[in-house]
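What follows is a single structure, written as structure tokens, with notes after it.
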Amino acid sequence: IAARGGALIDPMCGSATLLLEAAMMVADIAPALGRKRFGFEYLRGYNEQQWQAILSDARGRGERGRVAQLPEIRGYDADPKVIRVAQNNIARIGLEKVVRVSCKPLAELTRPTHRPLPLGLVVCNPPYGERLGEKESLGYLYRQLGEKILAEFAGWQAAIFTSDLDLGRATGLRSHKRYALFNGAIAASLLLFDLRDNELRGSVEAETVLEPVPTSLSEGARMFANRLRKNRKRLSKWVKREQVECYRLYDADMPEYAVAVDIYAAQVHVAEYQAPRGVNPEAASRRLDEVRAALPQALAVPPESIVYKQRCRQRGVGQYEKQAARTELLSVNEGRAKLLVNLHDYLDTGLFLDHRPLRLRIGREADGKDFLNLFCYTGSASVHAALGGARSTTSVDMSNTYINWLRKNLANNGLDETRNILVKADCLRWLEQAQGRYDLIFLDPPSFSNSKAMEDSFDVQRDHPDLVRATMAVLRESGQLYFSTNRRGFKLDTALQDEFCCEDITATTLDPDFQRNRKIHCCWVIRRCTSP
């Protein structure tokens with residue numbers, strides 16, 4: 001490839017090891033050429049004159065190679081600290097004019113456009129379980145890698161070095177050759193891909209083409225499948241334009257099929273609403289069977305990629321109770337954030353999809369501000385604020401599970417806890433003692449809670465006036481509070497509206513996937529009123 005002028009790109013270059021080895025190969029620079037001493041110099045029979053002749057020849061070839069016309073060699077990494085290490089390594093070998101690296105996350109990977117590059121090789125040693133995090137949280141990273149290199153580098157070759165073939169398969173690409181190698185003591189594989197003849201497998205995309213639903217399905221299942229396809233077509237332009245990876249595809253649009261269908265990258269999450277009294281249990285069970293039959297065919301996904309749950313329209317802490325114990329975390333992208341979701345263990349996944357526009361808004365407004373996230377859940381809004389340039393974030397929740405989940409979310413985005421403070425506490429009691437002041441606050445309390453960790457029960461309709469006032473007490477004069485609730489029939493206290501400037505922004509916080517259910521939540525931005 002290099003002999004034909006092809007380029008080399010490493011989208012996760014780390015300290016630039018692969019890039020430097022490749023550059024030294026094409027520049028004819030011998031390995032360890034800069035080394036001062038070798039062990040063989042102390043062996044009997046060592047001939048200093050012969051060695052100096054060999055060394056002189058190697059140095060000459062290396063010098064000629066450095067000034068030759070070399071192919072494009074570039075690397076990227078999301079971590080600026082790692083990029084600085086890579087730059088130092090490149091400088092030590094003297095290849096600054098040959099190997100170029102820059103800070104860029106995988107989500108922003110594109111083919112260089114400064115000159116035509118019709119031929120090249122994408123090489124990558126992505127993280128895998130032995131080196132970074134758990135395997136379950138890396139599947140989507142590999143999936144995104146496959147999507148990116150196929151979309152941006154069509155016609156090229158690709159090589160992925162991994163210790164886990166399942167992660168290699170998660171790219172969705174077909175490998176035409178595999179070499180068994182070792183990464184130190186770790187058994188690994190080098191997977192080769194021809195991007196001239198490849199396509200992704202198993203993605204759940206918002207497509208515009210409606211394939212006919214197989215007639216083997218029952219009439220009801222065909223109706224349900226057709227509704228899924230129509231919804232997917234309706235959302236397709238928005239999904240592609242905004243690069244949305246997680247969205248609601250269906251929410252009991254047909255009352256007899258009372259399920260919510262959510263897309264999480266290549267996975268599908270289905271929550272069955274509990275049938276109301278008076279509905280024949282056998283009929284409800286039959287309709288769920290039709291849902292199970294229709295989904296894999298309508299969305300072109302394998303059945304094992306679909307997760308089913310049953311939920312009640314609950315109040316209180318029931319929605320957060322654990323259902324299983326698989327602890328599988330999937331990393332998904334939302335704007336600049338990489339968020340971890342759990343599709344199996346809880347009724348909720350760790351990411352409230354209806355709050356997507358508000359999280360993105362917080363990310364846009366957080367630059368240089370101190371951000372407070374009360375009842376923070378898994379802290380996705382805090383991650384957006386931190387990535388948006390917040391001076392600090394403080395996240396408060398009384399659940400150990402969700403504080404630890406937030407800790408993983410921060411790490412998944414390369415954020416530490418120096419400026420991102422995690423507090424396990426009852427938000428009501430914490431506000432009574434809070435000393436800090438904040439420019440931007442997100443307040444999303446539960447509708448009802450009587451957790452043992454709380455001194456008293458909490459009802460958002462009854463208690464929100466005191467809660468909002470306590471929160472406004474820690475808001476800086478020019479700051480703003482986003483207050484949201486999913487309580488059906490909620491009414492904002494009129495005294496609060498007289499005391500503060502309260503603007504209902506609910507309509508602006510609903511994306512196209514929630515336009516059919518405009519009562520999914522209510523949201524206000526609350527500020528101190530300024531004198532005329």
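Looking only at segment 3-29, residues that are more than 38 Å from the chain's Cα centre (by Cα) and surrounded by fewer than 16 Cβ atoms within 10 Å (Cβ to Cβ) come to 1 in all. Across segment 248-293, the number of residues qualifying as buried (at least 18 other Cβ atoms within 10 Å of the Cβ) and in a strand (DSSP E or B) comes to 16. Does any residue of segment 437-450 turn out to be free of Cβ contacts under 8 Å to residues at least 60 places away in the same chain and in a loop (DSSP other than H, G, I, E, B)? Among the residues of segment 437-450, not one is free of Cβ contacts under 8 Å to residues at least 60 places away in the same chain and in a loop (DSSP other than H, G, I, E, B), which makes the answer no. Residues in segment 407-436 that are in a loop (DSSP other than H, G, I, E, B) and not charged (D, E, K, R): Asn413, Gly414, Leu415, Thr418, Ala425, Ala434, Gln435, Gly436.
The set of residues in segment 490-532 that are out of contact with any Phe, Trp or Tyr (no Cβ under 7 Å at 6 or more places or on another chain), in contact (Cβ under 8 Å) with a residue 12 or more places away in the chain and within 16 Å of Gln461 (Cβ to Cβ) comprises Phe490, Lys491, Asp493, Ala495, Leu496, Lys519, His521. Taking the numbered list (1) out of contact with any His (no Cβ under 9 Å at 6 or more places or on another chain); (2) modelled with pLDDT under 95; (3) among the acidic types (Asp, Glu) in turn, Glu328 passes all entries but (1).
Scanning segment 383-398 for residues that are within 18 Å of the chain's Cα centre (by Cα) and either under 20 Å from Leu467 (Cα atoms) or of a type in the set (A, V, I, L, M) (or both) gives Val383, Ala385, Ala386, Leu387. Consider segment 67-97 and keep the residues that are touching a strand residue (DSSP E or B) at 6+ places or on another chain (Cβ under 6 Å) and part of a loop (DSSP other than H, G, I, E, B). The one that is farthest from Glu147 (Cα to Cα) is Pro71.
The values are calculated or read from the model by the stated rules, or taken from the named source; none is laboratory data. From a predicted model like this one, the values you see are computed outputs, not experimental measurements. Positions of Cβ are generated from backbone atoms using ideal geometry, with glycine treated the same way; all protein chains shown enter the neighbour counts.
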